[in-house]
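Asks: This is the structure I have questions about; it appears just below.
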Amino acid sequence: MISIANIRFILRRNFVTGIAAVLIVVLMIVALIGPYVVPHDPLTTNLREVLRPPSSAFWFGTDHLGRDIFSRVIVAARLDFAIAIVAVSLSAAVGVSIGAFCGYVGGRIDRAMSRIVDVMMAFPLFVAAMALVAVFGNSVESIVLATAIINLPFYFRLMRAEINARREAGYVEAAIINGNNTRQVIFQFLIPNSMPPVVVQISLNLGWAILNTAGLAFIGLGVAPPTPEWGIMIQEGAAMMVSGQWWVVVFPGLALVLAVFCFSLLGDGIRDIMDPRRRS
Amino acid sequence: MRRREFLGSGIAFGGAAALGIAFQPRLALAQSQTGVIRVLAEGPPNTFDPAGTGYNIPSVNITWNVYDRLVTFGQKPLTGPDQQGAFIYDYDNIVPQAAESYKVAPDGKSITFNLRKGATFHDGTPVTAADVKWSLDRAINVTTAKNQMGTGSMKDAKQFIVVDDMTIRVETDLADRFTVPNLALLFPAIFNSKVCMQHTTASDPWAQEWLKTNVAGGGPFKLASYQAGQQFVLEPFANWKNGPSKSTAKILYQIVPQAASRRIAAERGEADLVRDLPGRDIAAMIAEGKVKVLGIANPSTVTYIAMNNGIAPFDNLKVRQAVAYSVPYQAMFDAVLYKRGNPMFGGPAKVTSPEWPSPLPYTQDLTKAKALLTEAGFPSGFETTFSIDADDVTVSEPVAILMQEALGKIGIKVTINKIPAGQMGTLLTEKKLPLFIANAGAWLRSPDYFFRIFYQGDTRWNFGSYANPEMVKIVADARWETDPAKYNALVMRMIELARTEVPVIPLWSAFQDTVVSKGMHGYTYMFHRSLELRHLTKS
Amino acid sequence: MRTSLLKVILLRLWSAIPVLFGVLVVTFVLIRALPGDPAIHYATSPNAGPEEIEQIRRQFGLDRSVIEQFVIYLRELFRGNFGNSMVTGQTVLSDFATRLPATIELAMMAFFFAIVLSLPAGIMAAIWRNSWFDQLCRVVSSVAAAMPVFFFGLLLVYVFYFKLGVASEPIGRWPSMIIPPAPITGFATIDTLMTGDWELFRMAVAKMIMPAASMAIFAIAPLLRMMRGSMIDALDSDYVLAARAFGLSRIRVILRYALPNAMLPVLATMGMVLSTMLGANIMIEKLFSWPGIGAYAVNSLIAVDYAPVQAFVLIVASLFVAMTLVIDILSAAVDPRYKLKR
């Protein structure tokens, strides 16, 4: 078990990871309390203050309907994180369970599942996500579902490989001898022992999920207006970039980059901590 | 093969980098050339057949210019503030094109067309009455064209009679004021029938498959090159005899999906004619004063907020009126459309003329709206969804957001629903959407024609699913009414109904804004909104 | 050796068939699950009524059962007919013939940018581990990994085209006012070289710089990190230490011994990056009006145009399968210890 002193030691050795973790906590707090502290209502239009550059009244300027971009960027954090977290948890939970089961049981089910996953991997993932969103309709739920589905294969393969390598381990045999059934062996012994690479994958994946959501929005398959979301805000602002109203794109873009940046640093950090051999 | 290509391009890139020719300044070549008119537009055409199945609006830019029709609309000069030097089609002046002259019989039941002597198709074969006959027969047979031809009483091949090699007669059961205008529309284009007939098959008697990717016409332009989805070049047809054509320049039509890219090119003077720009860009460019913008509205194209009269609560007249009074018309017009159109709101309280479309009497009045809603039995409002086409969000998305805000103030809770373009038509046809934005225009200018399409019937074009027996009756009565006074009275009643019952809420008739370079002359707006190229010249 | 390689290739291709078939079935079903009805969407004429819609449905063969449609589709596919696109009005095959080169060309250039930037940087970061350069690489690759390609593209357009005016117009493959040369191979660079037109060649390359740079951004992080990581492993390995002990020069050791061994995992990453670039540059193609296959697939999907989407998915999946195989073979060629997977 890792003690507090241990964590403190690790954090001191991994300064950047520590900063990333702190930043993520800050972003999470912003996501939680943001909607209650923003200076303007993120949805209220103000047609007298359209496309104002950043000022003391509107820190990040206003968009084409006079809405305050700062407030929208802040409020969007909650939705973007929620989409990423729910989607990634969903695909991790499903992918890990199926992957572990197939890896442990093997045989025909395993071969069938592996084939299905091969098909999913060969599919152009972004197009798959688009098609899924188009089929299920433009809603937060379908974006979550699409993101979860396209990330599923990674968890499946990762877990299946991990379990395959551990199937014959001593503690597994001990568990079987002690009378645990298959389900217990998988969920109480194998999965907990195979988690470290999954945790790394989750942390990296959170960033990808945010990028993926933004990409879908850029193509026009984002959440319904007027809900603030970073990708949609970039897409709306893209046309204004050439008329010089850079702030409409740049601020949500930077927020997006910052969030993904923190998640990927954290993922790297966790990998370093768990696998000292690859420490950078 | 792939390996060789890979190596080839690898070396090529290496060379480029080594020569240090990265970020090159734009070339002198980019400056305008008088021999080429460069057009930038948003979407690619999908067929060369004027009556092709699923033909899209961009394809009209080709079909309209490479084919002739028996007759066409004349042009009249425009005088508005940003219309200097431009022309618009004249619905009341139908002039001969492939025909040298035409004569309507005194009873109005037959029209005789004399073909132009010496006129040929692009391949040099003379245009004969047999070609015209084949083309008209085709128009009443192919799926896309036949309903439209029917609105001009042309339904049977027997109605098209070849008198001699250079004369053809069109007969109708009743004198129909829509017969001649229908012959000036897209579909009855004149094909080189001898060529087409070489490409017909038993299952495809009208050479639809072949004409989709081939041109067999005699219009003022020839299709010189075509790269699907990217660009095409139209070249003037030197032997064109069917009307005044001043254009000697080649037309380079390029598809540029990003509005921002089109705007940059327009501002830098790198294009001669730029279309499909959002109102915000147009307003900004006008303010900067660097480019010339022609803003021309099609009088019969209207943008609506449509309510589904077939389902509750919009079957309730008072609810519809409440919605009509809650629309922030002026704010939308100013901030969403950037005033690039003619308002359809804030009109006089009384109907004074049979002019249609004309402004409705509504303006935003939330107190009145709230009162009407209470009277209708919804004192605390209701919930509904507002649908917009995901492909057309520049205007409709802000409109939806402003509507959501305004309706929220009278207690109607609105969820905005963005629907992919491919699904919109299905939902409209199935009449499933409660509240949505629609934009459509009529090709023929008569008010009764307009109401017949948009205010009755079960097609998707009856956006409000409006089913008022009185409207159905007077629209039918007006169809064959020849007495102008009686006709006007009927139209006044239609307008009255449209105003008081508001099955759909007209917002505005938007301009089709076109940025033209300084040297362009003779721009003419046609009923179909696509380009009429033959009058264009460049100096 | 030679026969066994051939056998492995054939085996791998054989085992790819069920995967590709699965992709085909999934696409076929998924696209028909889209709520839009193509017959209605393409009943564009004014006054279109139910009769016209029905006629179009028959014309498209959509009145048949899905199974029947699938059988017909497969039959046509075996004849090399991918169907017609409703959006462009061309056969899907001819659309791909003009668009695939544009996509490949852009992806190659982006790939080239990414490699030229990240491999040397990765090697140097590994050599001077924990130096300021290593730290810089870490920051750059993390930022690059977090940057959505279209956001980076927008920034490039704003700075280099709008503000500074040094970049080529961000529209399509050819500059303004040029009537592009008739395609020979479809690759703008190769075609212009074949005709010896240096002016056009230069323009074609200039047009590619911004979109390729935007696309390269996502590849920098995986390539740089993988190069650095495997180079560190190689530098720390016994044989490199031994070679150093023998007194071989540092440069020679790095280039002759460490680098070839470090390339193996990098090759796999390169394959992954390239196949992603070929299949997933949709946003870049949209942003820069690049006439490639990604934008084509998106437009078709939105317009419920079945045939092009099916073809796109099939082609990208095949590219993916082929790329994996090529990487495997290359890995075996680089490292004799590497076992080809069957």
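The values are calculated or read from the model by the stated rules, or taken from the named source; none is laboratory data. Nothing here was measured: the structure is a model prediction, and the numbers come from that model. Positions of Cβ are backbone-derived with ideal geometry, glycine not excepted, and every protein chain shown enters the neighbour counts. Ligands, DNA and RNA are stripped out before the accessible areas are found, and what is left, the full protein with its side chains, is counted by its heavy atoms. Shrake-Rupley method; radii C 1.70, N 1.55, O 1.52, S 1.80 Å.
Asks: Can you give me the orientation-averaged projected area of the convex hull built on the Cα atoms of the protein assembly as shown, in nm²?
Replies: Projected over every direction and averaged, the Cα hull of the protein assembly as shown covers 50.9 nm².
Asks: May I have the extent of the alpha carbons of the stretch C:1-139 along their three principal axes, as whole Å values ordered from largest to smallest?
Replies: 74, 47, 27
Asks: Considering only C-alpha atoms, what is the centroid distance from the stretch B:85-156 to the stretch C:1-66, in Å?
Replies: 41 Å
Asks: Find the accessible area per residue for chain B; the probe is 1.4 Å, ligands and nucleic acids are left out, and the unit is Å².
Replies: On the way: 19950 Å² over 539 residues.
For chain B, the per-residue accessible area is 37 Å².
Asks: Here's something else I'd like to know. Kindly give Rg over Rh for chain A, based on alpha-carbon atoms, with the Kirkwood expression for the hydrodynamic radius.
Replies: Here Rg/Rh amounts to 1.05.
Asks: Let me ask something additional. Gaussian network model of chain C, Cα springs within a sub-10 Å range: biggest mean-square fluctuation belongs to which of C:169, C:285, C:76?
Replies: C:76
Asks: Further question: With a 10 Å cut-off between alpha carbons and a GNM built on chain C, which of C:232, C:104, C:72 moves the most?
Replies: C:72
Asks: Something else about it: Restricting to Cα pairs below 8 Å that are 6+ residues apart, what does the relative contact order work out to for chain C? Please round to a whole percent.
Replies: Answer for chain C is 27 percent.
Asks: Oh, and also: Could you calculate the contour length gain from residue B:317 to residue B:202, that is, 0.36 nm times the residue separation minus the distance between their Cα atoms, to one decimal place in nm?
Replies: Going from the current span to full extension adds 36.1 nm.
Asks: Okay, moving on. Need the list of aspartates and glutamates near residue B:194 for cross-linking: C-alpha distance under 19 angstrom, and skip anything on the same chain fewer than eight residues off.
Replies: Correct list for residue B:194: B:49, B:68, B:123, B:131, B:137, B:164, B:165, B:204, B:209.
Asks: May I pose another question? What FRET efficiency do you get for residue B:103 and residue B:353 if R0 is 25 Å and r is their Cβ-Cβ distance, rounded to the nearest 0.05?
Replies: It comes out at approximately 0.20.
Asks: Between the stretch B:223-293 and the stretch B:417-456, what is the separation of their alpha carbon centroids in Å?
Replies: So the two Cα centres are separated by 29 Å.
Asks: Then there's this: Would you kindly state how much longer the chain becomes between residue A:48 and residue A:187 on full extension, computed as 0.36 nm times their sequence separation minus their alpha carbon distance, in nm to one decimal?
Replies: Working it through step by step, the gained length comes to 44.1 nm.
Asks: So what are the ³J(HN,Hα) numbers for the stretch C:120-130, from phi and the Karplus equation (6.51, -1.76, 1.60; θ = phi - 60°), rounded to whole Hz, Gly and Pro as x?
Replies: These are the phi-based 3J(HN,Hα) values: x, 4, x, 5, 5, 4, 6, 5, 9, 4, 6 Hz.
Asks: Another question, if that's okay. Using only DSSP helix segments of four residues or longer, with each worth -39500 (n - 2.57), what per-residue ellipticity at 222 nm results for chain A after dividing by its residue count and rounding to 500?
Replies: Only helices count here, giving -25000 deg cm²/dmol.
Asks: At a probe size of 1.4 Å, how large is the accessible area of residue B:248, to the nearest 10 Å²?
Replies: Approximately 120 Å² of residue B:248 is accessible to the 1.4 Å probe.
Asks: Okay, moving on. For chain B, what does the helix formula give at 222 nm: sum of -39500 (n - 2.57) over DSSP H segments with n ≥ 4, over the residue count, nearest 500 deg cm²/dmol?
Replies: For chain B, the value works out to -9500 deg cm²/dmol.
Asks: What quantity of accessible surface, computed with a 1.4 Å probe and excluding non-protein components, is buried in total between chains A and C, in Å² to the nearest 100?
Replies: Rounded to the nearest hundred, the buried surface is 3600 Å².
Asks: Over the Cα atoms of the stretch A:175-267, each weighted equally, I'd like the Debye log10 I(q)/I(0) at q = 0.10, 0.12, 0.15 Å⁻¹, rounded to two decimals.
Replies: Here the Debye-derived log intensity ratios amount to -0.44, -0.55, -0.68.
Asks: Separate question: Would you list which lysines come within 19 Å of residue B:246, measuring only between C-alpha atoms, while excluding same-chain residues fewer than 8 positions from it?
Replies: Of all the lysines, those that pass the test against residue B:246 - Cα under 19 Å, at least 8 places apart if same chain - are B:76, B:222, B:518, B:538.
Asks: I need the per residue convex hull volume for the stretch A:1-154, using only the alpha carbons, in cubic angstrom as a whole number.
Replies: On the way: hull volume 28.9 nm³, N = 154.
Per residue, the Cα convex hull of the stretch A:1-154 comes to 188 Å³.
Asks: Which of these, A:108, A:67, A:78, has the largest mean-square fluctuation under a Gaussian network model of chain A (Cα springs below 10 Å)?
Replies: A:108
Asks: Pairs of alpha-carbon atoms within less than 8 angstrom and 6+ residues apart define the contacts here; what relative contact order does the stretch C:122-245 have, in percent?
Replies: About 41 percent, as a whole number.
Asks: Hey, got a sec? Which trypsin sites (Lys or Arg not before Pro) in the stretch A:134-181 land in a DSSP loop and have at most 15 other Cβ atoms within 10 Å?
Replies: A:167
Asks: Charges only on Cβ, +1 for Lys and Arg, -1 for Asp and Glu: so what's the dipole of the protein assembly as shown about the Cα centre, in debye to the nearest 20?
Replies: Value, rounded to 20: 3000 debye.
Asks: Modelled label-to-label distance, residue B:157 and residue A:115, 7 Å Cα→beta-carbon offset: nm?
Replies: The modelled label-to-label distance comes out at 5.4 nm.
Asks: Then there is this: Where the centroid of each part is defined by its Cα atoms, how far is the stretch C:124-182 from the stretch A:17-73 in Å?
Replies: Each part's Cα centre sits 27 Å from the other's.
Asks: Can you give the Rg and Dmax of the stretch C:2-78 based on its C-alpha atoms, in angstrom?
Replies: So, for the stretch C:2-78, Rg and Dmax equal 19.1, 66 Å respectively.
Asks: Within the set B:368/B:413; C:163/C:207; B:339/C:286; B:146/B:473; B:318/B:473, which residue pairs have Cα atoms separated by over 21 Å?
Replies: Cα-Cα > 21 Å for B:339/C:286; B:146/B:473; B:318/B:473; rest within.
Asks: Still on this structure, please answer the following. Calculate the radius of gyration of the Cα atoms of the stretch B:279-321 to one decimal place, then report Dmax, the largest Cα-Cα distance, as a whole number, both in Å.
Replies: Values for the stretch B:279-321 (Cα only, Rg and Dmax): 18.5, 51 Å.
Asks: Could you list which residues have their amide H under 5 Å from that of residue B:525, counting only those 5 or more apart in sequence or on another chain, with H placed in the peptide plane?
Replies: For residue B:525, the qualifying residues are B:87, B:88, B:89.
Asks: Quick check: convex hull over the Cα atoms of the stretch B:447-518, volume per residue in Å³, rounded to an integer?
Replies: 138 Å³
Asks: A further question on this structure: By how many degrees, 0 to 90 and rounded to 10, does the Cα axis of helix C:293-302 deviate from the longest principal axis of chain C?
Replies: 40 degrees
Asks: If you restrict to DSSP beta bridges whose two residues both lie in the protein assembly as shown, what percentage is antiparallel, to the nearest 5?
Replies: On the way: 61 of 80 bridges.
If I count the DSSP bridges inside the protein assembly as shown, around 75 percent turn out antiparallel.
Asks: Right, here's the next one. Through the Karplus equation 6.51 cos²θ - 1.76 cosθ + 1.60, θ set to phi - 60°, convert the phi angles of the stretch B:237-247 into ³J(HN,Hα) values in whole Hz; use x for Gly and Pro.
Replies: After applying 6.51 cos²θ - 1.76 cosθ + 1.60, I find 8, 4, 9, 6, 10, 8, x, x, 10, 9, 6 Hz.
Asks: What's the percent breakdown of Cα-Cα distances in the stretch B:390-500 across 5 Å bins, shortest bin first?
Replies: Percent of pairs per bin, in order: 2, 10, 17, 17, 16, 14, 11, 7, 3, 1.
Asks: I've got another one for you. How many nm separate the modelled label positions at residue A:165 and residue A:180, each set 7 Å beyond the Cα in the direction of the Cβ?
Replies: For the pair residue A:165/residue A:180, the computed spacing is 1.9 nm.
Asks: Please give the calculated 222 nm ellipticity per residue for chain C, where each DSSP H segment of at least 4 residues contributes -39500 (n - 2.57) and the sum is spread over every residue; nearest 500 deg cm²/dmol? Walk me through the numbers on the way to the answer.
Replies: Details: 14 runs with 237 residues, N = 342.
The per-residue figure over chain C is -23000 deg cm²/dmol.
Asks: Would you please give the FRET efficiency between residue B:375 and residue B:409, computed as 1/(1 + (r/R0)^6) with r the Cβ-Cβ distance and R0 = 25 Å, to the nearest 0.05?
Replies: E(calc), rounded to 0.05, equals 0.90.
Asks: Output wanted: per-residue J couplings in Hz (rounded whole) for the stretch C:250-259, from phi through Karplus 6.51 cos²θ - 1.76 cosθ + 1.60, θ = phi - 60°, x for Gly and Pro.
Replies: Calculated HN-Hα couplings, in order: 4, 4, 5, 4, 5, 6, 8, 10, 6, 4 Hz.
Asks: Something else about it: Going by alpha carbons, how many degrees (0 to 90, nearest 10) lie between the helix axis of A:125-136 and the longest principal axis of chain A?
Replies: Roughly 70 degrees, rounded to the nearest 10.
Asks: Turning to a different aspect of this structure: Taking H as built 1.01 Å from N, whose amide H comes closer than 5 Å to the amide H of residue B:531, not counting residues under 5 places away?
Replies: Here B:61 satisfy the definition.
Asks: At 4 °C and 1.567 mPa s, what whole-number value in µm²/s does Stokes-Einstein give for the translational diffusion of chain C, with Rh from the Kirkwood sum over Cα pairs? Intermediate results must be reported in sequence, preceding the final value.
Replies: Working: Rh = 23.1 Å.
Estimated diffusion coefficient is 56 µm²/s.
Asks: Under 5 Å between amide hydrogens, which residues at least 5 positions from residue B:292 or on another chain qualify, with H placed 1.01 Å from N in the peptide plane?
Replies: Here the answer is B:516, since their amide H atoms fall under 5 Å of that of residue B:292.
Asks: Compute the FRET efficiency between residue C:79 and residue B:82 as 1/(1 + (r/R0)^6), taking r as their Cβ-Cβ distance and R0 = 56 Å, and round to the nearest 0.05. Working shown, then result.
Replies: On the way: r = 55 Å, r/R0 = 0.98.
For R0 = 56 Å, the calculated efficiency reads 0.55.
Asks: Once you place label points 7 Å from the Cα toward the Cβ at residue C:198 and residue B:385, how far apart are they in nm?
Replies: So the label points at residue C:198 and residue B:385 sit 6.1 nm apart.
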